[in-house]
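Report on one structure; see the data block that follows.
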Amino acid sequence: MWPFIFKRTLVALCVALTISVLSFGLLQLSGDLAAAIGGPEATAEQVERIRIEYGLDRPVVEQFVTWLWGVMQLDFGRSYYYQSSVMDLVVERLPVTMTLGLLSLAIAIGVSIPLGVAAALMRGSWVDRLAMAIAVTGQAMPNFWFGLTLIILFAVNLQWLPAAGSESWQGFVLPAIALGYYATPAMMRLTRSGMLEVLASDYVRTARAKGLRTGSVVFKHALRNAVIPVVALAAVELGFMLGGSVVIETVFSLRGLGQLAWQSISRNDYPVVQAVVLIIALFYIVLTLLADILNAVLDPRLRAR
Amino acid sequence: MNDSLATTPAGAATRPAIGGGGWPRFRRALLAHRGLALGAVIVTLLVLAAVLAPWLAPHDPYLQNTANRMVPPVWHEAGNWEHPLGTDRLGRDYLSRLIYGTRISLFIGLVAALISGVIGSTLGVLAGYFGGRVDAVISYLLTTRLAMPVVLVALAMASLIGGSLITVTLLLGLLLWDRFAVVARSATLQVRDAEYVQAARALGCPLHHILLREVLPNIAAALIVVATLEVANAILLEATLSFLGMGVQPPLPSWGLMIAEGKSYMFFQPWVIAIPGSALFMLVLAINLLGDGLRDISAPGGRNE
């Protein structure tokens with residue numbers, strides 16, 4: 001077990017390093033940084049001074065090592081636009097994105113697991129067909145459009161919930177639905193197929209033959225086994241949702257990381273962009289690592305790979 | 001956006017389909033499988049709309065008419081048959097823009113899927129065929145690619161290079177190859193030791209012959225299914241990028257851009273976002289139905305979800 005965890009962690013670290021090279025490369029691609037910081041009115045001498053002050057006259061490799069060294073100490077440099085440390089901006093915005101991500105995940109789990117179980121138990125019934133229909137439409141719904149539709153329906157017409165803002169919990173409900181809906185189909189399908197597989201297995205048949213009640217068989221024996229891969233998938237989906245927050249936070253004007261990233265992209269504020277890309281990628285890497293380990297702990301066959 | 005297929009622990013939905021059957025079998029399956037038939041009909045109609053746009057569109061999609069702005073669709077009291085779906089904020093005919101928008105969505109979907117298909121299938125086939133170190137390197141590339149938040153990276157790159165039809169298509173083509181690689185790899189693993197491949201090796205056939213003539217045709221069915229789903233994925237992502245202002249630029253009638261342009265009017269005239277949004281939803285839904293249906297009929301054993 002431990003060699004597997006060690007190997008996977010090592011790969012995850014390498015991936016994280018590769019991503020950090022890529023996000024640093026992003027900054028280099030954005031053209032003459034000193035001129036960008038100085039703005040259109042800066043004179044040649046001012047640009048030169050900025051170049052030296054920000055260390056932009058150094059070789060690229062040296063700049064990268066300096067940047068990476070800073071990142072490892074949680075220092076992502078300074079924002080061009082806000083003139084404050086990128087880390088402060090991130091710390092300020094992260095709680096909103098995490099709240100949104102976890103709430104979306106809770107909604108996705110709350111919908112997909114009961115629905116997947118019901119679909120498997122009543123295979124071929126209207127419940128199963130409804131679950132399939134939800135899965136198929138969920139995959140086809142553009143999430144920004146779904147978000148706008150929710151705003152029109154629940155915030156403007158019914159006036160149940162606010163359309164924007166992250167000041168109160170009500171502001172998170174609609175965005176979490178819009179973001180969570182997207183993760184539902186995959187988790188629902190996995191729950192359904194897992195349940196079908198487990199229900200057909202020998203130990204469930206034995207449990208049934210022992211005369212255990214159906215409820216006890218389904219919830220104590222079958223669900224516990226079927227739900228484990230779904231939990232692993234949920235971790236991965238959370239990673240995707242943090243990445244998808246850029247769209248939903250923009251639609252609902254939530255002051256989170258995603259909105260910060262989008263605004264920084266529009267302002268050419270690349271230190272912030274590369275920090276957010278890296279942070280979201282790191283979350284994803286850690287979450288998939290946890291999912292891999294969880295799967296391997298539960299299914300020894302996977303460790304051999 | 002949602003790469004769950006690639007990360008599903010058991011690769012539940014990626015069962016490679018082996019075995020031909022040709023057109024008669026496809027026609028029979030088309031008639032028997034309602035989802036597939038519905039998807040095929042809608043996709044055919046929308047492809048026809050894209051091809052025949054100049055003859056179908058009642059007006060020039062770029063012609064502005066400030067005297068005729070924000071005319072509601074014909075089912076409203078103030079609507080008229082001159083503009084069946086109304087006009088936008090610049091007085092351009094909405095139906096004509098919608099019809100021409102089909103071209104943009106289909107172009108980006110098809111070309112991006114083609115590019116990512118070539119990249120992903122090549123990597124996947126090589127990884128599956130050679131295994132060992134080649135597989136390790138390609139799997140590492142895949143893990144790294146999966147850790148990058150697609151929307152965020154695409155947004156940042158599009159803003160660096162400058163958003164346009166071509167940049168968006170290329171970016172999506174370069175980003176969306178992961179599922180192709182996963183499926184091509186696992187399908188190749190299944191056929192690499194098949195007798196006909198061994199025979200070709202024993203006959204001393206050159207490598208490109210074995211890969212292109214023996215392996216590729218036998219994994220094509222699985223790749224076509226992925227291609228369908230990836231076309232849908234690329235269409236959704238293009239709409240998202242255009243909605244956020246970093247994709248296709250005005251005055252092109254991209255559906256995502258139409259939703260972005262209608263956003264400030266949506267509270268009083270919800271149809272401005274409802275019409276392009278529904279079109280997008282319908283197109284993506286139809287392509288997904290087609291893809292799911294193709295998977296069902298090509299996988300022996302039918303629906304195995």
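The values are calculated or read from the model by the stated rules, or taken from the named source; none is laboratory data. In this text the structure is predicted, and so the values were computed from the model without any measurement. Every residue, glycine as well, gets a Cβ built from its backbone with ideal geometry; the counts of neighbours run over all protein chains shown.
Within the stretch A:242-277, the set of residues being at the interface with chain B (Cβ under 10 Å from one of its Cβ atoms) and under 15 Å from the mean Cα position of the chain (by Cα) comprises A:LEU242, A:GLY243, A:GLY244, A:SER245, A:VAL246, A:VAL247, A:LEU257, A:GLY258, A:ALA261, A:VAL276, A:VAL277. Report whether or not A:LEU89 is within 14 Å of another protein chain (Cβ to nearest Cβ) and either within 20 Å of A:ASP269 (Cα to Cα) or under 24 Å from the mean Cα position of the chain (by Cα) (or both). Spelling it out, it is not the case that A:LEU89 is within 14 Å of another protein chain (Cβ to nearest Cβ) and either within 20 Å of A:ASP269 (Cα to Cα) or under 24 Å from the mean Cα position of the chain (by Cα) (or both). Just to be sure before I move on: is B:ALA286 surrounded by 21 or more Cβ atoms within 10 Å (Cβ to Cβ), of a type in the set (A, V, I, L, M, F, W, C) and within 28 Å of B:HIS33 (Cα to Cα) in the structure I sent? In short, yes. For A:PRO95, the conditions (1) within 14 Å of chain B (Cβ to nearest Cβ); (2) under 30 Å from A:LEU294 (Cβ atoms) all hold with the exception of (1). For the stretch A:247-260, residues that are surrounded by 24 or more Cβ atoms within 10 Å (Cβ to Cβ) and either under 24 Å from A:LEU13 (Cβ atoms) or of a type in the set (Val, Ile, Thr) (or both) total 4.
Going through (1) assigned to a helix (DSSP H, G or I); (2) in contact (Cβ under 8 Å) with a residue 60 or more places away in the chain; (3) more than 23 Å from B:ILE115 (Cα to Cα); (4) under 20 Å from the mean Cα position of the chain (by Cα) one by one, B:PRO253 falls short only on (1). Can you tell me which of (1) in contact with a Gly (Cβ under 8 Å, 6 or more places away or on another chain); (2) modelled with pLDDT under 90 is the one A:VAL198 doesn't meet? Exception for A:VAL198: condition (1). Here the helices (runs of 4 or more DSSP H) wholly within the stretch A:1-79 that include at least 3 residues being hydroxyl-bearing (Ser, Thr, Tyr) and in contact (Cβ under 8 Å) with a residue 12 or more places away in the chain are A:2-29. Please indicate, with yes or no, whether at least one residue in the stretch B:132-142 is part of a helix (DSSP H, G or I), away from chain A (no Cβ under 14 Å), more than 18 Å from the chain's Cα centre (by Cα) and surrounded by fewer than 17 Cβ atoms within 10 Å (Cβ to Cβ). Yes, the stretch B:132-142 has at least one match.
Quick check: anything in the stretch B:148-170 within 20 Å of A:VAL15 (Cα to Cα), of a type outside the set (A, V, I, L, M) and either within 13 Å of chain A (Cβ to nearest Cβ) or more than 19 Å from the chain's Cα centre (by Cα) (or both)? Yes, there is a match, as at least one residue in the stretch B:148-170 is within 20 Å of A:VAL15 (Cα to Cα), of a type outside the set (A, V, I, L, M) and either within 13 Å of chain A (Cβ to nearest Cβ) or more than 19 Å from the chain's Cα centre (by Cα) (or both).
Examine the stretch A:14-24 for a residue that is aromatic (Phe, Trp, Tyr), surrounded by 12 or more Cβ atoms within 10 Å (Cβ to Cβ) and within 14 Å of chain B (Cβ to nearest Cβ), and state whether such a residue exists. So far as the stretch A:14-24 goes, yes, one or more of its residues are aromatic (Phe, Trp, Tyr), surrounded by 12 or more Cβ atoms within 10 Å (Cβ to Cβ) and within 14 Å of chain B (Cβ to nearest Cβ). Of A:ALA155, A:ALA140, all but one fail to be within 8 Å of another protein chain (Cβ to nearest Cβ) and of a type in the set (Gly, Ala, Ser); the exception is A:ALA140.
Of all residues in the stretch A:58-114, which are out of contact with any Leu (no Cβ under 6 Å at 6 or more places or on another chain) and within 30 Å of A:MET132 (Cβ to Cβ)? Those that are out of contact with any Leu (no Cβ under 6 Å at 6 or more places or on another chain) and within 30 Å of A:MET132 (Cβ to Cβ): A:LEU100, A:LEU102, A:LEU103, A:ALA106, A:ILE107, A:ALA108, A:ILE109, A:GLY110, A:VAL111, A:SER112, A:ILE113, A:PRO114.
Here A:VAL272 fulfils each of the conditions (1) buried (at least 19 other Cβ atoms within 10 Å of the Cβ); (2) closer than 26 Å to A:MET141 by Cβ apart from (2). Checked against the criteria, B:ALA112 counts as outside any loop (DSSP other than H, G, I, E, B) and in contact with a Gly (Cβ under 7 Å, 6 or more places away or on another chain).
Within the set A:LEU161, A:LEU212, A:LEU179, the sole residue that is surrounded by 13 or more Cβ atoms within 10 Å (Cβ to Cβ), in a helix (DSSP H, G or I) and among the hydrophobic types (A, V, I, L, M, F, W, C) turns out to be A:LEU179. For the stretch B:143-160, how many residues are in a helix (DSSP H, G or I), without any contact (Cβ under 8 Å) to a residue 40 or more places away in the chain and not aliphatic (A, V, I, L, M)? Summing the residues that are in a helix (DSSP H, G or I), without any contact (Cβ under 8 Å) to a residue 40 or more places away in the chain and not aliphatic (A, V, I, L, M) in the stretch B:143-160 gives 3. Restricting A:TYR81, A:TYR54 to those that are within 22 Å of B:VAL153 (Cα to Cα), over 21 Å from the mean Cα position of the chain (by Cα) and of a type in the set (Ser, Thr, Tyr) reduces the list to A:TYR81.
Just one of the numbered conditions (1) within 12 Å of chain A (Cβ to nearest Cβ); (2) surrounded by fewer than 24 Cβ atoms within 10 Å (Cβ to Cβ) is not true of B:LEU237: (2). Considered as a group, the residues in the stretch B:268-277 that are more than 9 Å from chain A (Cβ to nearest Cβ) and assigned to a helix (DSSP H, G or I) include one that is nearest to B:THR102 (Cα to Cα), and that residue is B:ILE275.
Residues that are charged (D, E, K, R) and within 13 Å of chain B (Cβ to nearest Cβ) do not occur anywhere in the stretch A:206-225.
Could you list, in sequence order, all residues of the stretch A:2-30 that are of a type in the set (Val, Ile, Thr), farther than 23 Å from B:MET157 by Cβ and within 22 Å of the chain's Cα centre (by Cα)?
Residues satisfying the conditions are A:THR9, A:VAL11.
Being touching a residue at least 40 places away in the same chain (Cβ under 8 Å), more than 10 Å from chain A (Cβ to nearest Cβ) and surrounded by fewer than 24 Cβ atoms within 10 Å (Cβ to Cβ) holds for only one residue in B:LEU216, B:LEU203, and it is B:LEU216.
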